[in-house]
1. Please give me the summed charge of the neighbours of Tyr296: other residues whose Cβ is under 11 Å from its Cβ, Lys and Arg +1, Asp and Glu -1.
2. Given a 1.4 angstrom probe, what's the average accessible area per residue across the range 249-425, in square angstrom?
3. Largest first, what is the accessible-area ranking of Trp151, Trp160 with a 1.4 Å probe?
4. Would you mind classifying the range 34-137 by shape? Square roots of the alpha carbon gyration tensor eigenvalues, ordered a ≥ b ≥ c; an a/c under 1.5 is rounded, otherwise it is prolate if a/b is larger than b/c and oblate if not.
5. Using a 1.4 Å probe on the protein heavy atoms only, what accessible surface does Ile5 show? Give it in Å² to the nearest 10.
6. In whole Hz, with x marking every Gly and Pro, tabulate ³J(HN,Hα) for the range 126-133 from phi via Karplus 6.51 cos²θ - 1.76 cosθ + 1.60, θ = phi - 60°.
7. With labels modelled as points extended 7 Å from the Cα through the Cβ direction, what inter-label distance (nm, one decimal) is found for Thr159 paired with Met249?
8. Given a 1.4 angstrom probe, I'd like the percentage of the accessible area of the range 1-106 that is carbon and sulfur, rounded to a whole number.
Amino acid sequence: MNSDIEEIKSRLNIVDVVGNYIKLEKAGINYRARCPFHNEKSASFFVSPSRQLWHCFGGCNEGGDIFKFVMKIEGVDFVDALKILADKAGVALKKDSEDWQKVKNERQILIDLLERSCKFYTAQLEKSKTGKEAIEYLLKRGMKEETIKDWRLGYAPDTWTGLSDYLIGQGFKREDIVSAGLGIKKDLQKFFDRFRSRIMFPICDLNSQVSGFTGRIFNSDDEAKYLNTPNTLLYDKSRALYGMDKAKMEVRQKDFCVLVEGNVDCIMSHQTGIKNCIAVSGTALTPLHLGIIKRYSSNLVLAFDMDLAGNNATKKGIDLAMKNGFNVKVISMMVEKDPADIILLEGEEKWRDLVNLAKPINEFYFELAFKNRNPELFEDKKKIISDLLPILKKIDNNIEQSYWIENMSHRLKIKDEDIRTELKKVKIEENNISGKEVVNIPDKKTRREMLEEDILSLTLLEPLKASELTEEMIEVFSPEAKDIFLKIKNKEDLGVSDYSSYILIRSELMKGVEDLLVNEEWNKCLTELQNLIKKQERDRLTQEIKSKEKDGAFADVKELLLKFNKLIKNNEENKKEVNQKSETKKAVEEDSEKENSEEGSSKEGQEEEKESN
Ligand SMILES: [Zn+2]
């Protein structure tokens, strides 16, 4: 018997579903378009009819099936996407069907798990020794004890499995802890807490249910200061607004929303009585954020660290907000301080004043452009003009535009016709497709990640290659790559996670590449991946040896050198093994190519030597 989900999928074609929202163009066996979820000029959004999947290879690097697409583009959760698509497909949903039950149960389990984790963290803050140090730290930053309680701040202990041990004792499964974003599973044996030795800020949905966490380091600087829950069934950073559950009524009443960057800024602002304040955590402003804020008010007051020169994420966020009909004002924060510092060092009154004196965005841009510049000097004049022309260009209202042109003409002593002439020449980057695109900061991929993706995509084209990898070799893969690899090898379904859909479409696209020698390409990628990993390990050891030498810890140095030499030796042996393996296979396929390939690999070997010197 088909489930609702399968029934809907079998009746709808992804090309039609996606094509309803954006214009798709045929590209070989696939379709492509400009991505609706981020700003781009080239079309890096692909849809594969044969796989019934979509993926964006540009900034957002997301993908999935029709459900995921509708969730994202409509800004709805899974249950609503299911309703929308069932309607389209003419499928009557069985409310008590397994799918509903499954989603509901999974949701309920995660809600429960996060709530208990939150209680665990708050208890750790109050009772443990380091937890008390964390409280001291927060009090020193000006936070009151009742504020700490109100916001349910907690502490993740400095142990590998403190939280998971507790949760498992409460009857939760490891998989649930991973699904909730609180545990990391490295392989079958290794499993540990995502958050360790951090002050924990629960992130709540609009109903004050905990949906995720931000963890903040407070006693050392050597690690990432902030760590966020990854996207889960309950937490999606592109729509999470820190403090919105506490701020929403106040935002509606005062009819404006103060937006700050950090969780601590947000909490401190509430403490001063400015309670219509929220923070975006760990991401740039997205249309989904704006959609939520708009339910309560269309007036935004930003307290962001801003500069005019860079075309940074903040500026894009402002453009996006204005395009979505928000009135935007900006708080000038003098000397690059964040709100929490201002409140601590200059007092609550100061913060309240700054909020009340927020300036309309264009006034702020003008002030910024003239700051520290002399409008009498030709060089400075030029800089001011080049900063402000794109701003002027974006002003839709002619009267307002004229006002600012005259203002500029007067202050710079330049004729306003000249400014208008120059203004005509300015081109601003047009944002594509309605107001729905997401402003995203793309994560740069590492060489290693790209190699793994290559190997997986190629293995899909030539599944026999999967059997050539020994267990030991698979160990070098990242956990998610390893997981997909094993599924390919065992001929299991890959599912529709972001990563698997990405790999599937990637291999679809490879099919279109002429003269692709899958076998050769595969061998090359694997060798490079292994070399890269060895090199990283060698670099790490070299660093360690250097620092131990500096400390005069010569016993350690000796030990590290042994490790180092062993690594190099292993490296050589492994390489031989790979070459032998690929050679045997090739020899069977085509005898004549053999010599060439041997030459190739020994050349690589030499380069390897050079690098290590
Ligand atoms: Zn995209």
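The values are calculated or read from the model by the stated rules, or taken from the named source; none is laboratory data. What you see is a predicted model, and the numbers here were worked out from it, not measured in a lab. Cβ sites come from the backbone with ideal geometry, for glycine too, and all protein chains shown count toward neighbours. Ligands, DNA and RNA are excluded from the accessible area calculation, which covers all protein heavy atoms including side chains. Shrake-Rupley method; radii C 1.70, N 1.55, O 1.52, S 1.80 Å.
1. Combined, the nearby Lys, Arg, Asp and Glu give +3.
2. 48
3. Trp160, Trp151
4. Details: a/c = 3.94, a/b = 1.58, b/c = 2.49.
It is oblate, given that a/c is not under 1.5 and a/b is not larger than b/c.
5. Only protein atoms counted, so the area is about 40 Å².
6. Calculated HN-Hα couplings, in order: 6, 9, 6, 5, 5, x, 5, 5 Hz.
7. So the label points at Thr159 and Met249 sit 3.9 nm apart.
8. Its accessible area is 48 percent carbon and sulfur atoms.
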